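One structure is given here, and the rest of the page talks about it.
The values are calculated or read from the model by the stated rules, or taken from the named source; none is laboratory data. Computed from a predicted structure; not experimentally measured. When we count neighbours, we look across all protein chains shown, and the Cβ atoms used for this are built from the backbone with ideal geometry, even at glycine.
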Amino acid sequence: MVTILNLYNISDTYCSIIFYLLITSLLLLISLLLYLKKRLLEKTLENEENLKKSESHKNFNEELIKNIPGGFLLISEDYVITKVNQRTCDITGFSEKELLGNKCDVLCPKGQKSKECPIWIKGLTRFNGMDTYINRKNKVKCPILKNAQILEIEGKKYILESFNDITDLKEAEEKLEESNKRLYSLFTAMEDLVLELDRDGRCLYVAPTSPKVLSVPKEELLNKTLYDVLEPDLANSIQEKLDLTFKRGVVSEMSYSFIIDGKEHWFESIVSPKSENSVILFVRDITERKKSELELQKLEQLQSLGTLAGGIAHDFNNILTGIYGNFSLAKFKMSQSDPAYEFLDCAEKSMHRATKLTRQLLTFSKGGSPVKDHVCLFDLIAEVVKFDLTGSNVKPKFDYQENLWEVDVDKGQIEQVFSNLTINANQAMPNGGCLYFSMFNIIAEEGYNSLLQPGYYVKVTVKDEGNGIDVKDLPHIFEPYFTTKETGNGIGLATVYSIIRKHNGMIDVHSELNVGTAFDIYLPASGKSVSCGEKSNIISENLKIKKNNLHVLVMDDEEIIRGTARNIFTLLGHTADTAEDGKRAVEMYKEAFKKNPYDLVIMDLTVPGGMGGMEAVRQILDFDKNAFVFVSSGYSDSEVIAKYEKYGFKNVIEKPYTIEKMQETLNKYA
C-alpha cells in the first residue's frame, strides 16, 4: 500500500513536471506565434509599403517615359522591343502593339540589322548624338539623333535608346547646304574679289572666287595688311576709304591701277560696312572696261582731229594735184639731161612726202574709208619692210603660217601701217638688231577679245629688240601728237591705230624697258588661203578699154584739176574734155554719145553746191549701161570710195594723181 502510495506520489510529481513543461512549452509556442505574427504583420506592412513605393516609382517611370519629348525604346539582349513610348509611335507610325515583342529590325533602315548596333559591336556602354535613320511604317527613312546606353535590370542587360526626329533640322541643313553651294558657285563665277578687312586693313577672310581674279594665292592675303601687299600710296588711299566707312558707316568707292606682271591693271573697289570692327571690300578688275573707255577716248580724239582734217583735205588735195601733176608734166616734157630736171625731181619727191602726210591725216577723218582688196599679207609686209630697211643695220625675220588666209584690206593703208611700225622699230634700234614679223590665222570666238567681233583674222606680231616703252607712256602712244621722240610728230602710231580700227581690226602693244616692244595686229580675213608670192593683174574682158586713142571726160569743180588732167591725157595721146559739175558732165556725155562717145569718164565725188559724181554716174548709167566711169577724190565721208562698184564705178583714182599714176591705171585696162 505504502509502496503504491509512494508510486502514486512519484507519478504525481512527474505529471506536474510534465504539465508544467507542457504549459511552458505552450506559452512559449504562443509567444513565438505571437512574435511570428507580429513579424509577419510588420513584414506585410513593410511589403505593402514597398509595394506602394514600387507602384509609385513605376507610375513615376511610366509618367517620365510618357513625357519624354523624343522617342524611347527599351530593347533586350536578343533585340526584342520591351518598352516604347507614344512619341516613338508618333515618329514611326507603328502602334505600341505592333512594336512590343517584335525585334527592332522593324525599325532599322533597309540594309541594316539590329545586331549591327555599334553599342554591341564596339563594346560600348553608351553613346550620344549619333546621326542616323529610323525606319517608318511606310518604309520612309526618318532622320534621327540617337543616344543609347546599356542598363542591367534584374540581372538582365537592356539597351535604353532615346532619339529625336530631326527631319526639320535635316531639311534646314540641306537648304543651307544648297544655299552655300549656290553662293559658292556665284562667288567662283563672279569676277569680283571679296575680302573682309579689320580697322587696320588686315585681311580676315577671302571669299571663294574665280582663280583668275587673284594674282596671288589667297593664303598670301590672309592676315596681311594693305601695306603688306600694295604700294604705300595705294594702300594709303584704300585705308582712307576704310576709315571713312568705319567712321560714318557709309559705302565708299574708288578706282585705281597698279602693275601686275609688267602690265597695268585697273580696279574698282567698294567698301561696305559689316560690323563694328570689320568691313567688306569688293574689288573688280575693270581693265577691259578701261581699255574700251580709252578706245572710245582715242576715237573721240581722232574724230576731233578728223573734223579738222576733213575740212582741209578736199581743198589741200586739189592744190597738191595741181602742183604734183604739173611737176610730172614738166618732167615728162623735159629731157633728163636738162639741169632743171634734177630740181623738178627733188621738188616732186617733196610733194610725194606732202602727199604721204596728207594721206595719214585723212585716216583720222570720217572719210579715208578703206578701198579693200584681197591681199596676201606676207607679200605686202615683206615688200614694205625690205624698202624701209634699205641701208639699215636692222635685220628683218619672217615667220608665217602655211595656207595663210587672205585679208580684205586697203593695200595702200596697210602698207602705211607696217611702214610706220618698221620705221619706229628701226629708230628704236640704233645699234642694230632683229625685227620679227609673225603671221598666223586666228579664229576669234565669242569672248576671245572684247574689242574683236567673232570671226576669222590674221594676227600679225611685229616685235623689235629696242629700248622699249615706259609703262606710263603705253596708254598714250596711239593718241594723236603724243610722242617721246625729239623729232617725232605723234602722227605715226595714231595713223596705224586709225587704219586698223577702220578695217574693223585691233592693235595691242606689249613692251618692256631695255628688252623691246611687240605690236599685235588683228586684221579681218576671208578664211580662205592665198598663195603668197603670186600676183595677178588680170582684168576681166568686160572691164577693158578697147582702144588706145581715148576720148575722156573729166569732171571736177576745180579749174586747176581740170587743166592738169586735160594736159596729162593729151601728153598720153588721148583727147580730154572737162566739166565743172555733174550736171554738165551728164549733158556732155549725152551730146557726145551719137557722134564721138566717151571711152572713159573720171568724176570728182564731191562738188560743193552742185551735182557730185554719185548722182552723175547714176544718170549716165541710166542712159548708157556700158559707160566706163572712174571716181576720183582725195577725201570722202561716204562709203562710195570704199565700195565704188556698188555705185556703178569701175575703179578709183586717188588725188593727187600724176602722169605716171594715170598711165599705170590706164595700162591695167588696155
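Hey, among the residues in the range 514-567 that are surrounded by fewer than 19 Cβ atoms within 10 Å (Cβ to Cβ) and acidic (Asp, Glu), which one's modelled with the highest pLDDT?
Asp520
Looking at Met588, Met614, Met603, Met662, which is the one that is more than 28 Å from Gly412 (Cβ to Cβ) and crowded, with 16+ Cβ neighbours inside 10 Å? Before you say what the answer is, go through the steps one by one.
Values: Met614 fails: more than 28 Å from Gly412 (Cβ to Cβ); Met603 fails: more than 28 Å from Gly412 (Cβ to Cβ); Met662 fails: more than 28 Å from Gly412 (Cβ to Cβ).
Exactly one of Met588, Met614, Met603, Met662 is more than 28 Å from Gly412 (Cβ to Cβ) and crowded, with 16+ Cβ neighbours inside 10 Å, namely Met588.
Just give me the residues in the range 387-415 being in a strand (DSSP E or B) and touching a Lys or Arg at 6+ places or on another chain (Cβ under 8 Å), in sequence order. I'd like the intermediate steps shown before the answer.
Applying the first criterion (in a strand (DSSP E or B)) to the range 387-415 yields 394-400, 405-409.
Passing the criteria: Pro396, Trp405, Glu406, Asp408, Val409.
Does Phe478 fit the bill of being of a type in the set (A, V, I, L, M, F, W, C) and within 30 Å of Trp405 (Cβ to Cβ)?
Working: of a type in the set (A, V, I, L, M, F, W, C): yes; within 30 Å of Trp405 (Cβ to Cβ): yes.
When the stated conditions are applied, Phe478 passes them.
Looking at Leu160, Leu145, can you tell me which residue is touching a strand residue (DSSP E or B) at 6+ places or on another chain (Cβ under 7 Å) and touching a residue at least 40 places away in the same chain (Cβ under 8 Å)? Step through it out loud before you land on a result.
Numbers: Leu145 fails: touching a residue at least 40 places away in the same chain (Cβ under 8 Å).
Of Leu160, Leu145, the one residue that is touching a strand residue (DSSP E or B) at 6+ places or on another chain (Cβ under 7 Å) and touching a residue at least 40 places away in the same chain (Cβ under 8 Å) is Leu160.
Taking interchain pairs and intrachain pairs at least six residues apart, which have beta carbon atoms under 8 angstrom, with the first residue in the range 568-584 and at positive phi and the second surrounded by fewer than 20 Cβ atoms within 10 Å (Cβ to Cβ) and not in a strand (DSSP E or B)?
Gly573/Asn548; Gly573/Asn549
I need every pair where a residue in the range 319-331 that is under 15 Å from Ser632 (Cα atoms) has its Cβ under 9 Å from the Cβ of a residue that is basic (Lys, Arg), sequence separation at least 6 or different chains.
That search, which allows pairs on different chains as well, returns Leu320/Lys655; Thr321/Lys655.
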